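The values are calculated or read from the model by the stated rules, or taken from the named source; none is laboratory data. On a predicted model such as this, the values are computed, not experimentally measured, just so you know. When we count neighbours, we look across all protein chains shown, and the Cβ atoms used for this are built from the backbone with ideal geometry, even at glycine.
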Amino acid sequence: MSLLSRQVQPAETYLAKLTSADWATLAKRRVLLKGGKGKYGVMVATPVDAETAWAVLTDYDNFHRFLPTVVESRVIQSEGGRTIVEQLDRRRILLSTVESTVRTENLEIDRQQISFRLLEGNLQHMYGHWRLDAAPEALVGKAAHLLVSQQVHAEADVGPFKSMFYNLFETSLVDTVKAIRAEMERRAAASETVKS
């Protein structure tokens, strides 16, 4: 049985924490990163529809095609809205290349939220969720229809290198959400081309 929460926080509660400066950042198509020391929220606005966005977030077998540090990705098990995904991650850290295999449990809820947690990997723990919410036009402009966000808690046992881990993790979060938005927008543009 999964330990993941099946609760979806109401959008009003979730978005009420954003300041006017946060909304201005999103309106400029910049990535909004909040938090620190292993607890983060990252968000972007995009003009794509929810169906396209959901298709990208749940395209587990193809993460290696569009996520910057993922070199292999495959579904290990899938049952209903619960999917176990294994990824091989490769990144440059200082002068060396570091590879790690990560296995996560992902629980899809109402085509709006994907709760996830680390099952195996080189972190002490990692859990959180991805969300899709309608973008308030008055706050982010007519060009954005959707907010794509991730909340994540992560810790690694790296002793004196904790601050370096946090910096690398923050950079990775921003790069990942940029890549996800780019893939969403690429697919939306390709779909429009096919329709016309």
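Find the helices (runs of 4 or more DSSP H) located wholly in region 13-69 whose residues include 1 or more that are under 13 Å from the mean Cα position of the chain (by Cα) and of a type outside the set (K, R), and list them. Outline the logic, then answer.
Values: elements: 20-27, 50-57, 63-66.
In region 13-69, 50-57, 63-66 are the helices (runs of 4 or more DSSP H) which contain 1 or more residues that are under 13 Å from the mean Cα position of the chain (by Cα) and of a type outside the set (K, R).
So V194 passes all but one of these: (1) surrounded by fewer than 16 Cβ atoms within 10 Å (Cβ to Cβ); (2) at pLDDT below 85; (3) farther than 24 Å from T46 by Cα. Which condition number does it fail?
(3)
So if I check each of I109, I114, which one is surrounded by fewer than 18 Cβ atoms within 10 Å (Cβ to Cβ), under 19 Å from G41 (Cβ atoms) and either under 17 Å from the mean Cα position of the chain (by Cα) or of a type in the set (S, T, N, Q) (or both)? Working first, answer last.
Numbers: I114 fails: surrounded by fewer than 18 Cβ atoms within 10 Å (Cβ to Cβ).
None of the others qualify; the one that does is I109.
Report, ordered by the first and then the second residue, all pairs with beta carbons closer than 7 Å, sequence separation of six or more or different chains, a first member in region 30-54 that is touching a residue at least 24 places away in the same chain (Cβ under 8 Å) and farther than 24 Å from H125 by Cβ, and a second member that is acidic (D, E) and not in a loop (DSSP other than H, G, I, E, B).
Close Cβ pairs satisfying both conditions: T46/E185; V48/E185.
Output the residues belonging to region 90-106 that are surrounded by fewer than 13 Cβ atoms within 10 Å (Cβ to Cβ) and within 15 Å of L123 (Cβ to Cβ).
Listed by number, the residues that qualify are I93, E99, T101.
Out of the residues in region 148-168 meeting the condition of being touching a strand residue (DSSP E or B) at 6+ places or on another chain (Cβ under 6 Å) and over 16 Å from T58 (Cα atoms), tell me which one is surrounded by the fewest Cβ atoms within 10 Å (Cβ to Cβ).
At the first step, the residues of region 148-168 found to be touching a strand residue (DSSP E or B) at 6+ places or on another chain (Cβ under 6 Å) are 148-155.
The next check asks that each one be over 16 Å from T58 (Cα atoms); those that pass are 151-155.
Working: Q151: 20, V152: 19, H153: 13, A154: 20, E155: 16.
Only one residue fits best here, namely H153.
Among the candidates E72, E108, E86, single out the residue that is among the charged types (D, E, K, R), touching a Gly at 6+ places or on another chain (Cβ under 6 Å) and outside any loop (DSSP other than H, G, I, E, B).
The match here is E108.
Can you tell me which residues in region 79-89 are more than 13 Å from G121 (Cβ to Cβ) and surrounded by 14 or more Cβ atoms within 10 Å (Cβ to Cβ)?
Residues of region 79-89 more than 13 Å from G121 (Cβ to Cβ): 79-83.
Scanning region 79-89 gives G81, R82, T83.
When P47 is evaluated against the numbered criteria (1) modelled with pLDDT under 90; (2) surrounded by 15 or more Cβ atoms within 10 Å (Cβ to Cβ); (3) not polar (S, T, N, Q), which criterion, by number, is the only one it fails?
P47 satisfies every listed condition except (1).
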